[in-house]
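Colleague: Take a look at the following structure, please.
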Amino acid sequence: MLNSLVLTSGHLTHIEKGERNPSHKALRNICKALDVPFQQLMYTYDKELNEEQEKYGIVNHIAYNKVLAIDNINSFIDCPSSTPSASLAIKVPDNSMDNTFEKDQYIFIELNSPLNNKDIGLFSINNEIVIRKFFLKKGKFTLKADNKSFKDIVITDSDEFYIIGKVLT
């Protein structure tokens, strides 16, 4: 396997220990050997998890091996300089986040970004896409809407839950 990667075991050991960073070409080859999509991994490449994110296993819910399927593309929109890490813009589909975003307003998403407590994110929960505020409390993930007519979503072990990305404000 290492021959196909053009990496020596010593170089790979330095990468694993965090002593060296792989080049993009080396990282692409590592991803290919591990059957991990390169582009999705690149979104998380330079992100470091804080203690709370590690404690709650945030990395287990980042959809690094999935891509977002978009059913309808209307156009390009300008990306403000205040959101240079935006990967895409989506329209807010409902009034669940009324105090923060209006329905049909465009919001900018940084794909596969680990979230901190109270960050607003784009999530997939049991194959439904939602925009909610992310809470870590007592070992549980909870997704909360601004609009109180929407129930909190408490993530359980039986839920298929992915963090698609962080909403940039």
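Colleague: Taking VAL67, is it farther than 28 Å from GLU48 by Cα, of a type in the set (A, V, I, L, M) and in the same structural domain as TYR162 (by TED's automatic domain parsing)?
Modeller: Working: farther than 28 Å from GLU48 by Cα: no; of a type in the set (A, V, I, L, M): yes; in the same structural domain as TYR162 (by TED's automatic domain parsing): yes.
For VAL67, the condition - farther than 28 Å from GLU48 by Cα, of a type in the set (A, V, I, L, M) and in the same structural domain as TYR162 (by TED's automatic domain parsing) - is not met.
Colleague: Return the pair list, or none, for Cβ contacts closer than 8 Å from residues in the stretch 87-106 that are assigned by TED's automatic domain parsing to the domain that holds VAL67 to residues that are acidic (Asp, Glu) and buried (at least 18 other Cβ atoms within 10 Å of the Cβ), at least 6 apart or on different chains.
Modeller: Close Cβ pairs satisfying both conditions: SER87/GLU110.
Colleague: Taking the stretch 57-71, which residues are at pLDDT 75 or above and polar (S, T, N, Q)?
Modeller: ASN60, the sole residue that qualifies.
Colleague: Could you tell me whether THR83 is farther than 30 Å from ASP35 by Cβ, β-branched (Val, Ile, Thr) and free of Cβ contacts under 8 Å to residues at least 24 places away in the same chain? I'd like the intermediate steps shown before the answer.
Modeller: On the way: farther than 30 Å from ASP35 by Cβ: yes; β-branched (Val, Ile, Thr): yes; free of Cβ contacts under 8 Å to residues at least 24 places away in the same chain: no.
Spelling it out, it is not the case that THR83 is farther than 30 Å from ASP35 by Cβ, β-branched (Val, Ile, Thr) and free of Cβ contacts under 8 Å to residues at least 24 places away in the same chain.
Colleague: Which count do you get for residues in the stretch 144-165 that are under 20 Å from TYR106 (Cα atoms) and modelled with pLDDT of 95 or more?
Modeller: Of all residues in the stretch 144-165, those under 20 Å from TYR106 (Cα atoms) come to 144-147, 163-165.
Filter once more, keeping what is modelled with pLDDT of 95 or more: 144-147.
Result for the stretch 144-165: 4.
Colleague: Quick one: which residue in ILE125, ILE129 is farther than 26 Å from PRO80 by Cβ and aliphatic (A, V, I, L, M)? Full working, then the answer.
Modeller: Details: ILE129 fails: farther than 26 Å from PRO80 by Cβ.
From the options ILE125, ILE129, the qualifying one is ILE125.
Colleague: Answer yes if at least one residue in the stretch 72-82 is crowded, with 18+ Cβ neighbours inside 10 Å and either modelled with pLDDT under 95 or β-branched (Val, Ile, Thr) (or both), and no otherwise.
Modeller: Step one: list which residues in the stretch 72-82 are crowded, with 18+ Cβ neighbours inside 10 Å, which gives none.
Taking every residue of the stretch 72-82 in turn, none turns out to be crowded, with 18+ Cβ neighbours inside 10 Å and either modelled with pLDDT under 95 or β-branched (Val, Ile, Thr) (or both).
Colleague: Looking only at the stretch 119-165, count every residue that is exposed (fewer than 15 other Cβ atoms within 10 Å of the Cβ) and in a loop (DSSP other than H, G, I, E, B) and tell me the total. Spell out the reasoning first.
Modeller: From the stretch 119-165, those exposed (fewer than 15 other Cβ atoms within 10 Å of the Cβ) are 126-129, 137-140, 147-149, 151-152, 154, 156-160; that's our starting set.
Remaining after also requiring in a loop (DSSP other than H, G, I, E, B): 126-127, 138-139, 147-149, 151-152, 156-160.
Qualifying residue count for the region: 14.
Colleague: Considering each of SER158, SER113, SER124 in turn, give the residue that is more than 12 Å from the chain's Cα centre (by Cα), assigned by TED's automatic domain parsing to the domain that holds ILE90 and small (Gly, Ala, Ser). Give the steps one after another, and end with the answer.
Modeller: On the way: SER113 fails: more than 12 Å from the chain's Cα centre (by Cα); SER124 fails: more than 12 Å from the chain's Cα centre (by Cα).
It is SER158.
Colleague: Which of the residues that make up the stretch 1-56 are out of contact with any strand residue (DSSP E or B) (no Cβ under 7 Å at 6 or more places or on another chain), within 28 Å of LEU136 (Cβ to Cβ), part of a helix (DSSP H, G or I) and at pLDDT below 80?
Modeller: GLN39, GLN40, LEU41, MET42
Colleague: Among the residues of the stretch 96-118, write down those that are surrounded by fewer than 16 Cβ atoms within 10 Å (Cβ to Cβ) and in a loop (DSSP other than H, G, I, E, B). Steps first, answer last, please.
Modeller: Step one: list which residues in the stretch 96-118 are surrounded by fewer than 16 Cβ atoms within 10 Å (Cβ to Cβ), which gives 99, 102-106, 116-118.
Once the filter is applied, which keeps residues that are surrounded by fewer than 16 Cβ atoms within 10 Å (Cβ to Cβ) and in a loop (DSSP other than H, G, I, E, B), the stretch 96-118 yields ASN99, GLU102, LYS103, ASP104, GLN105, ASN116, ASN117, LYS118.
The values are calculated or read from the model by the stated rules, or taken from the named source; none is laboratory data. The model shown is predicted, which means the values in this text are computed figures rather than measured ones. Don't worry about glycine lacking a Cβ; one is built from the backbone with ideal geometry, like all the others, and counts go over all protein chains shown.
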